[in-house]
1. Multiplying the sequence separation of E260 and S144 by 0.36 nm and subtracting their Cα-Cα distance, what value in nm do you get?
2. Starting from the Cα gyration tensor of the stretch 28-186, multiply each eigenvalue by 5, take the square root, and state the resulting semi-axes largest first in whole Å.
3. Between their Cα atoms, which of K73/K263; K40/K148; K73/K256 are more than 31 Å away from each other?
4. What ratio of Cα Rg to 2.2 N^0.38 Å holds for the chain?
5. By a straight-distance test (C-alpha under 18 Å), which aspartates and glutamates pair with K165 as possible cross-link partners, with residues fewer than eight away in the same chain excluded?
6. Quick check for me: using +1 on Lys/Arg Cβ and -1 on Asp/Glu Cβ, what's the dipole size of the stretch 203-290 about its Cα centre, in debye to the nearest 20?
7. Would you grab the residues whose amide H sits under 5 Å from the one on K147? Only those 5+ places off in sequence or on another chain, please, with H modelled 1.01 Å from N.
8. Leaving out ligands and nucleic acids, note down the accessible area per residue over the chain with a 1.4 angstrom probe, in whole Å².
Amino acid sequence: MAMRQTPLTCSGHTRPVVDLAFSGITPYGYFLISACKDGKPMLRQGDTGDWIGTFLGHKGAVWGATLNTDATKAATAAADFTAKVWDAVSGDEVLSLAHKHIVKTVSFTQDSNCLLTGGNDKLLRIYDLSSPEAAPQEISGHTSAIKKALWCNNDQQILSAADDKTIRLWDRSSMEEVKTLTFDTSVSSMEYVADGQILVITYGKTIAFYNALSLELIKTVEAPAPINSASLHPEKDFFVAGGDDFKLYKFDYSTKEELESYKGHFGPVHCVRFSPDGELYASGSEDGTLRLWQTAVGKTYGLWKCVLPEDLGSENPEQLYTSTPEIKA
């Protein structure tokens, strides 16, 4: 008998949630940041969804958000033509980096010393956070707005996806384009998995996996609906995806078989990511909520309680699974 997936719902945002990111695992657990069109990015405990704080200071929709590995710094990209760096412990704004147009994406190097930004002015910028008054390095080449930009290959290279229907690989030291992938439609999302150098890309109904160093295609999977985001499990045994039909899909990575699907939101799913320990994945939606989903349903983890086999014979199947269904933030 299949057990019901009971997601934890994290409320608090008042507009669509458009991006989310996890930190690495720290001595205090791991953390989750969400970007929302309400202009108020939120920090949460990653395994429970409990609200920790809200970063206040942007004057427009926040399109991108990220945490550094040890969750001491946060960065956000917004429609107010700024990227901001925050102290993720105190919540204080540390830097506001002015841009010439809407900023869509932010990414820290592994040492947290540099911040990569991209957005509607088509330029990639690299800021040295130790001397933020210095002009950033700029990389041009994209012909439309940049949606996502990431460090890869131990921060020696940069991957960027733009509305010009390309993904480009750049060399950090020479600032030159190394390789370009061109698609028939705009790429909706991009995830970089450092362990194994895998790039996860979504466009249309397709979820594609590439070698991040060579940009050679590994495999593609077709989903039942247009997909906005996908994430590969840290152990690479399966991946999850969400999109326009409000559902979350889970696929076997090796066989490409659809394993599960859940209608989890009341609007399109904009972003989905696995936690760093792979025990859960988080989704963000047009409906203004974040939801946390168990990778292995029925396991005791975070706020979920284990269901023993003898409990499965209970009279009310709705009670199979005890959890806190909603977290009010």
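The values are calculated or read from the model by the stated rules, or taken from the named source; none is laboratory data. Everything quoted here is computed from the prediction, not taken from an experiment. Cβ sites come from the backbone with ideal geometry, for glycine too, and all protein chains shown count toward neighbours. The area values use the complete protein model at the heavy-atom level, side chains included, leaving out ligands, DNA and RNA. Shrake-Rupley method; radii C 1.70, N 1.55, O 1.52, S 1.80 Å.
1. Value of the extension gain: 38.2 nm.
2. Numbers: eigenvalues 128, 55, 48 Å².
Sorted largest first and rounded, they come to 25, 17, 16 Å.
3. Values: K73/K263 33 Å; K40/K148 20 Å; K73/K256 36 Å.
Pairs exceeding the cut-off: K73/K263; K73/K256.
4. After normalising by residue count via 2.2 N^0.38 Å, the value is 0.97.
5. Result set, ordered by chain and number: D121, E177, D184, E191, E216.
6. On the way: 8 positive and 14 negative charges, 32 e Å.
Taking the Cα centre of the stretch 203-290 as origin, the dipole is about 160 debye.
7. A161, A162, D163
8. Working: 13530 Å² over 329 residues.
Averaged over the residues of the chain, the accessible area is 41 Å².
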